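The values are calculated or read from the model by the stated rules, or taken from the named source; none is laboratory data. Note that the structure is predicted; figures quoted are calculated from it, not measured. Don't worry about glycine lacking a Cβ; one is built from the backbone with ideal geometry, like all the others, and counts go over all protein chains shown. Each accessible area value is taken on the protein alone, full model and side chains, heavy atoms only, with ligands, DNA and RNA left out. Shrake-Rupley method; radii C 1.70, N 1.55, O 1.52, S 1.80 Å.
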Amino acid sequence: MLKIYNTLSGKKEIFKPVEEGKVGMYVCGNTVYDYCHIGHARAMISFDVISRFIRHLGYELNYVRNITDVDDKIIKRAEENNESTQALTERMIAAQREDELRLGNKMPDREPKATEFMQEIIDMIQVLIDKGFAYHGASGDVYYRTEAFKEYGKLNNRKLEDMLAGARIDVEVAKEHPADFVLWKQAKEGEVSWPSPWGIGRPGWHIECSAMSTNCLGSHFDIHGGGPDLKFPHHENEIAQSEAATGKDYVNYWVHCGAVRVNNEKMSKSLGNFFTVRDVLAKYNPEVVRYLMVSSQYRSAIDYSDQSLNEAKVALERLYTALRGQAASAEYVPTEFTERFETAMKDDFNTAVAVSVLFELVRELNKAKTDNVAQAELLAAELLALADLLGLLKQDPEYFLQNSTVSEGLDEAGIQALIDERTQARKDKNFARSDEIRDELADQGIELLDSREGTSWTRR
RNA sequence: GGCCGGAUGGCAGAGUGGUCAUGCAGCGGACUGCAACUCCGUGAACGCCGGUUCGAUUCCGACUCCGGCCUCCA
């Protein structure tokens, strides 16, 4: 029995799909005007893990994640770069895909772009106007009439009256109510635009997700996810648009991941305190980043720092060390570890506990190595299978241990030459020279491990 | 000001009304030429004040502090 925390109710709820055996999940993707930062990575990885586990439970999942490729920031950035919006968005989409694959994500089943759903967007706006939920304002823009949707604010426990009182934003005169938001925006001279019944323009930010999600998954579907900063206003507005347009319940489970913080502040574009995925991957093996994300429960805030990355690296090394030189059987019978792992994951995708089970499995595996080779191989297979649900332990152990960080120091040949020299020194019982070489390598972050089979090394 | 979330051992991070999280670090031991890896053992925690209870870190209330959202942001 799967339980999911639903932002709408503020509680964990037993998951029951709209249609038996099938799950529709829509996740808000990125606005593609810049490279992904670590906060984006957290969201993408969280929902990737969620999608894997939902499939693991046997559901037929349809995972849709949009791409916002028309927006003010895109237009602005393209102007600054002196390129077309299309050239910019295509570049960023390719970069995002590359980052994501390096981080070990499986791609969503479908990635609709806003620009490909212009007719559906226009149709939905027209329905909203026809039903009295939208109006063509004096400015020429089309606005959503929040006062017409009586449940406005239900996702965030907000009341329209309170928002009026606390409104600090410049109230556009064209709006009937300060909380009203744009559905269709008039184009300025030279801006990318589409024809519509309300003149040449482009969609507001929120309407695209209502149009794409309902067109891809139907007007009522199971899970809608996104980052923590999307709860308001984006998701609130989506609910208002979709439920007003279709007259049906929109989404059953609203799922939001936690923020990534830097120095106790949220990492965000507007604060400028973000690290891009590619910056981080220039220093660390991508699986270290993934481990960091998965080692906390998806809803809790994560602190990002060199220290947290290093701790993630060391922990992941312990897992990989257990697999170094260890054969895994082709098949295995799930043990209590699998059961505990699955129980944790069924409890609102508690990856933190799931990961702890991996460590306990590794302890058993390490013990079995010396006295029960067959059991060790079974446990190794089980470890790999469970880790796969988190997208971890996908690399060759030897490769990972030698490349957990990206180093500009000695290359492999240089390291091997020193190891060979040391091996000879040890044969000659010249331990002074042997230790000297070991210290020399240690200074370069290379740690040696002697065993019967020879000496292997790990990048620290 | 409104709404939401959090406060756990040296650090990170789960969880529970009454025996274990887990990882790193520490301490003792085994293994090793010495190490490392690994294994065994071990110390260490639940912001503050009340309440409920035989018993609360866990439930309830107040307080303090921290973070998020309320404007674009995963």
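Pairwise over distinct Cα atoms, reciprocal of the mean inverse distance: report the Kirkwood radius of the range A:318-460 in Å, one decimal place.
Values: mean 1/r = 0.0588 Å⁻¹.
Radius from the Kirkwood sum: 17.0 Å.
Computed on protein heavy atoms with a 1.4 Å probe, the accessible areas place A:Leu2, A:Leu101 in the order A:Leu101, A:Leu2, largest first. Rounded to 0.05, the FRET efficiency of the A:Val353 and A:Asp439 pair, given R0 = 56 Å and the Cβ-Cβ distance, is 0.90. With contacts taken as Cα pairs under 8 Å at a separation of at least 6 residues, chain A carries a relative contact order of 16 percent. Number of Lys-Lys pairs in the range A:1-130 with C-alpha atoms under 17 Å apart and a separation of 8 or more places or on different chains: 5.
Sorting A:Val27, A:Val182 by accessible area (1.4 Å probe), largest first, what list results? Walk me through the intermediate numbers first.
Details: A:Val27 5, A:Val182 35 Å².
Descending order: A:Val182, A:Val27.
The accessible-area ordering, largest first, of the residues A:Ser9, A:Ser329 stands as A:Ser9, A:Ser329, per a 1.4 angstrom probe.
Note on A:Asn156 and A:Val333: their simple-model spin labels are 5.4 nm apart, each label 7 Å out from Cα toward Cβ. Taking square-rooted eigenvalues a ≥ b ≥ c of the alpha carbon gyration tensor, is the range A:306-377 rounded, prolate or oblate, where a/c under 1.5 means rounded and, failing that, a/b exceeding b/c means prolate? Oblate, because a/c is 1.5 or more while a/b does not exceed b/c. A:Glu120 sits with roughly 60 Å² accessible to a 1.4 Å probe, with DNA, RNA and ligands left out of the calculation.
Compared with the dominant Cα axis of chain A, that is its longest principal axis, helix A:38-56 is turned about 80°. Averaging the Cα positions of each part gives two centres, and for the range A:272-303 and the range A:112-139 these lie 37 Å apart.
For chain A, what does -39500 (n - 2.57) per DSSP helix run (n ≥ 4), summed and divided by total residues, give at 222 nm, in deg cm²/dmol to the nearest 500? Intermediate values should be presented prior to the final figure.
Working: 16 runs with 207 residues, N = 460.
Counting only the DSSP helices, I get -14000 deg cm²/dmol.
Accessible surface computed residue by residue for chain A, with neighbouring protein chains in place and a 1.4 Å probe, gives 46 Å² per residue. Rolling a 1.4 angstrom probe over chain A with all protein chains present gives an accessible area of which 48% lies on carbon and sulfur atoms. Here's the picture: a label point sits 7 Å out from the Cα of A:Lys367 along the beta-carbon direction, and within the range A:300-338 the residues with their amide nitrogen under 14 Å of it are A:336-337.
Computed over chain A, the P(r) tail beyond 44 angstrom holds 24 percent of alpha carbon pairs.
Between A:Ile14 and A:Asn82, the FRET efficiency from the beta-carbon distance, with R0 = 41 Å, is close to 0.15. Using the Cβ-Cβ distance between A:Lys73 and A:Glu412 with R0 set to 45 Å, the FRET efficiency works out to roughly 0.55. Sparse packing (at most 13 other Cβ atoms within 10 Å of the Cβ) combined with a DSSP loop state is found for the following GluC sites (Glu not before Pro) in the range A:405-447: A:Glu408. Using θ = phi - 60° in the Karplus curve 6.51 cos²θ - 1.76 cosθ + 1.60, the 3J(HN,Hα) couplings for the range A:142-155 round to 9, 10, 7, 8, 4, 5, 7, 9, 5, 8, 4, x, 5, 6 Hz; x is entered for Gly and Pro.
On the full set of protein chains, 1.4 Å probe, figure out the accessible area of A:Cys28 and give it in Å² to the nearest 10. Probe radius 1.4 Å; accessible area of A:Cys28 about 20 Å². Within straight-line reach of A:Lys131, meaning a Cα separation under 20 Å, sit the following lysines at least 8 residues removed in sequence or on another chain: A:Lys150, A:Lys175, A:Lys185, A:Lys248. Note on A:Asp420 and A:Leu384: the model spin-label points, each 7 Å out from Cα along the C-beta direction, lie 3.1 nm apart.
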